[in-house]
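All of the numbers you see were taken from the coordinates with simple rules; none came from a lab. In this text, all values refer to a predicted model and were calculated from it rather than measured experimentally. Note that we place each Cβ from the backbone using ideal geometry, even for glycine, and neighbour counts take in every protein chain shown.
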Amino acid sequence: MSLLIKNGRIITATDDYVADIHVDGETIVAIGTDLAAGDAEVIDATGKYVFPGFIDPHVHIYLPFMGTYAKDNYETASKAALVGGTTTLIEMCCPSRADSPLKAFELWRSKADGLSAVDYSFHMGVTRFDESTEKELREIVSRGIPSFKIFLAYEGAFGINDEELFKTLTLAKELGVIVTAHCENAIAVAQLQSELLAAGKTGPEFHEPSRPETIETCGVQHLMTFAEVTGAHVYVVHTSCDPAVQAIQAARYRGVHAWIETVIPYLVLDKTFAEEPEFEGAKYVMSPPIRDKRNQPILWDAIRNRLISTVATDHAPFDFVAQKSMGVGDFTKIPNGIPSVEDRINLLYTHGVVTGKIDLNTFVDAGSTQAAKLFGLYPRKGAIQIGSDADLVIYDPDYTGNISQTTQQMNVDYSAFEGWEIKGRPSLVTVRGEVQVRDGQFAGTIGRGQFLARKPSHF
Ligand code: URP
Ligand code: ZN
Ligand code: ZN
């Protein structure tokens with residue numbers, strides 16, 4: 001199978017030029033002008049952008065959580081990812097505290113192997129640390145997973161204590177593993193939740209006050225201290241607010257190896273959405289919560305300055321009718337999460353690039369290249385270079401349309417962005433040289449996606 005993509009405007013994290021791309025088999029074999037077609041399928045990309053396939057480094061697909069399960073499976077999530085321009089997913093493998101990490105890793109893999117239309121990998125959740133889990137974690141790293149996930153939140157579920165945190169970071173440092181972390185002080189959240197409920201404040205609008213910016217920042221500072229003393233490399237997931245960004249920036253200034261992820265909901269939604277009446281606000285409950293609008297320009301600036309490395313989703317789909325409703329009368333029981341794997345890139349383009357908040361190179365850097373670099377996939381992924389995987393997004397900047405639950409691929413009964421206009425969308429998407437999206441529609445093969453074994457690089 002051979003493709004010749006003609007006359008596209010090729011945008012990477014650093015470059016911007018018009019050229020042809022020749023794909024043979026799974027990889028890019030030539031980039032230049034007036035390349036000859038031979039027997040290749042010719043794709044005319046005149047007037048369109050050609051981006052490296054986007055990478056979402058923070059998704060939940062199989063997720064047992066808060067008494068229920070996230071709604072997507074690999075078929076629905078990977079189709080949704082693809083039509084939205086994402087060609088690689090890194091999923092959080094989140095065992096419960098009692099589980100064997102190795103068995104959990106195998107379970108999570110079994111949910112993806114042969115069923116994904118995009119390439120995929122995992123961050124291994126460390127939800128308990130003792131001699132037996134340490135042995136298994138070493139084995140998991142040797143099987144191609146050089147990134148851990150820890151939670152300084154969800155006490156009694158995924159959360160770990162400080163001794164476990166210290167030991168996890170120490171192991172990560174030894175193995176060259178990067179530790180991704182959900183940062184909120186779990187004890188303080190639990191206290192605030194009790195106080196609010198006792199005062200009769202039970203609706204979704206009280207989710208944000210139960211997990212204020214200062215509690216997220218406290219979690220971040222705690223992680224930064226532990227990273228400083230252990231020397232481990234850390235990546236703060238779903239950073240929602242200015243003080244948390246500042247805390248990480250301050251730690252970087254004193255030499256801590258720390259990177260920042262934000263997620264698309266924080267850039268385009270604010271806490272007033274969670275205040276919508278008739279329990280509609282539950283659609284916007286995630287943790288850390290969507291924040292006061294004043295944070296948005298600060299987050300956008302930090303992306304533009306490349307202080308924030310990645311824009312992910314934290315895709316975690318729970319139906320409004322049958323699942324979010326578990327929290328009617330008690331916001332602490334609303335399954336936390338907002339679905340957005342399908343919408344991330346179009347929203348980042350529409351609200352970031354079209355409005356001039358970020359340029360095209362930064363868009364690619366935050367949506368693809370930085371994730372590839374941080375998580376051991378570059379330059380196989382996140383690049384348009386000879387030898388890179390031919391994961392390519394031909395993006396039509398002239399398209400306009402609207403987001404709607406009725407047309408989405410994600411298996412969930414609402415969209416947090418219902419009716420929103422998007423400007424631009426992927427018209428054609430390839431995964432390792434095979435066309436998976438044509439004219440904006442999924443046209444590929446379930447099972448095309450491969451597990452990506454990665455190597456440690458954070459020594
Ligand atoms: O609300 C969220 N973020 N749900 C998914 C689980 C997590 O904390 O990442
Ligand atoms: Zn989280
Ligand atoms: Zn998450």
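Give, as ranges by residue number, the residues of region 156-195 whose backbone N falls under 13 Å from the point 7 Å along Cα→Cβ of T225.
Residues passing the 13 Å test: 162-163, 166, 185.
Enumerate the helices in the chain for which the Kyte-Doolittle hydropathy averages 0.0 or more and the C-alpha atoms extend at least 15 Å along the helix's axis, using complete DSSP H runs.
Counting only whole DSSP H runs, the qualifying helices are 186-198, 213-230.
Pull out the extension gain between M326 and D15, defined as 0.36 nm times the separation in residues minus the alpha carbon to alpha carbon distance; nm, one decimal.
Full-extension gain reported as 107.1 nm.
Please list 3J(HN,Hα) in residue order for region 7-14, calculated via the Karplus relation 6.51 cos²θ - 1.76 cosθ + 1.60 where θ = phi - 60°; whole Hz, with x for glycine and proline.
Per residue, the Karplus-derived 3J(HN,Hα) values read 6, x, 8, 7, 10, 10, 5, 10 Hz.
Taking amide hydrogens as modeled 1.01 Å from N in the peptide plane, which residues meet the under 5 Å criterion relative to S427, leaving out close sequence neighbours?
So S427 has HN proximity to I394, Y395, D396.
Where both residues lie in the chain, what percent of DSSP beta bridges are antiparallel, nearest 5?
Rounded to the nearest five, the antiparallel share is 45 percent.
In deg cm²/dmol, rounded to 500, what helix-only [θ] at 222 nm does the chain give when every DSSP H run of at least 4 residues adds -39500 (n - 2.57) and the total is split over its residues?
-8000 deg cm²/dmol
What dipole magnitude, in Debye to the nearest 20, does region 284-388 give about its Cα centre under +1 on Lys/Arg Cβ and -1 on Asp/Glu Cβ?
Charge dipole, region 284-388, about its Cα centre: 240 debye, nearest 20.
Checking a compactness column here: for region 153-236, what do you get for Rg(Cα) / (2.2 N^0.38 Å), N being the number of residues?
That works out to 1.25 for region 153-236.
Starting from the Cα-Cα distance between T406 and E421, subtract it from 0.36 nm times their residue separation and give me the gain in nm to one decimal.
3.9 nm
Under a straight-distance cross-link criterion of Cα-Cα below 23 Å, which lysines are reachable from K271, leaving out those fewer than 8 residues away in the same chain?
Leaving aside lysines fewer than 8 places away in the same chain, those within reach of K271 are K201, K283, K293, K324, K333, K357.
Give the residue list of GluC sites (Glu not before Pro) in region 270-321 that are DSSP loop and have at most 13 other beta-carbon atoms within 10 angstrom.
E278
For region 415-459, list residues with backbone N below 17 Å from a point placed 7 Å from the Cα of E41 toward its Cβ?
Those under the cut-off are 426-449.
In what order do L102, L392, L347 fall by count of nearby beta-carbon atoms within 10 Å, going from fewest to most?
The most exposed by this proxy come first: L102, L347, L392.
List the relative contact order of region 53-374 as a percent without decimals, with contacts defined as Cα pairs under 8 Å and 6+ residues apart.
Relative contact order for region 53-374 comes out at 19 percent.
Step through the residues of region 269-284 one at a time and calculate ³J(HN,Hα) from phi using the Karplus curve (6.51 cos²θ - 1.76 cosθ + 1.60, θ = phi - 60°), rounding each to whole Hz and writing x for Gly and Pro.
10, 9, 5, 5, 5, 6, 9, 4, x, 6, 6, 4, x, 4, 4, 10
For region 203-284, divide the Cα radius of gyration by the Kirkwood radius and give the resulting Rg/Rh value with two decimals.
1.08
Express in nm, to one decimal, how much length is gained between D24 and A443 on full extension, taking 0.36 nm for each residue of separation and deducting their alpha carbon distance.
148.9 nm
How charged is the neighbourhood of A153? Take every other residue with its Cβ under 10 Å from the Cβ of A153, and add Lys/Arg as +1 and Asp/Glu as -1.
Net local charge, A153 excluded: -2.
Suppose every Lys and Arg Cβ carries +1 and every Asp and Glu Cβ carries -1, with no other charges. What dipole size does region 383-459 come out with about its Cα centre, to the nearest 20 debye?
So the dipole magnitude of region 383-459 works out to roughly 400 debye.
If you take the charge dipole of region 29-133 about its Cα centre, with +1 on Lys and Arg Cβ and -1 on Asp and Glu Cβ, which of S132, P52, L102 is farthest toward its positive end?
My answer, from the dipole projection, is S132.
Take every DSSP beta bridge with both residues inside region 1-120 and express the antiparallel ones as a percent of the total, to the nearest 5.
In region 1-120, DSSP labels about 55 percent of beta bridges as antiparallel.
Eigenvalues of the Cα gyration tensor times 5, then square-rooted: what semi-axes does that give for the chain, in whole angstrom, largest first?
34, 25, 20
Quick query: amide H of I422 versus all other amide H atoms, modeled in the peptide plane; which residues come in under 5 Å with a sequence gap of 5 or more or a different chain?
G401, N402, I403
Out of the trypsin sites (Lys or Arg not before Pro) in region 248-341, which ones are loop residues according to DSSP with at most 12 other C-beta atoms within 10 Å?
Qualifying residues, ordered by number: R254, K293, R294.
Normalised by the number of residues in region 278-419, what is the relative contact order in percent for Cα pairs under 8 Å and 6+ residues apart?
25 percent
Considering amide H positions built from the backbone, and no H for Pro or chain starts, which residues 5 or more places from I308, or on another chain, come under 5 Å of its amide H?
I303
Mind listing the phi-derived Karplus ³J(HN,Hα) values for region 420-426, rounded to whole Hz, using 6.51, -1.76 and 1.60 with θ = phi - 60°, and x for any glycine or proline?
5, 7, 10, 10, x, 6, x
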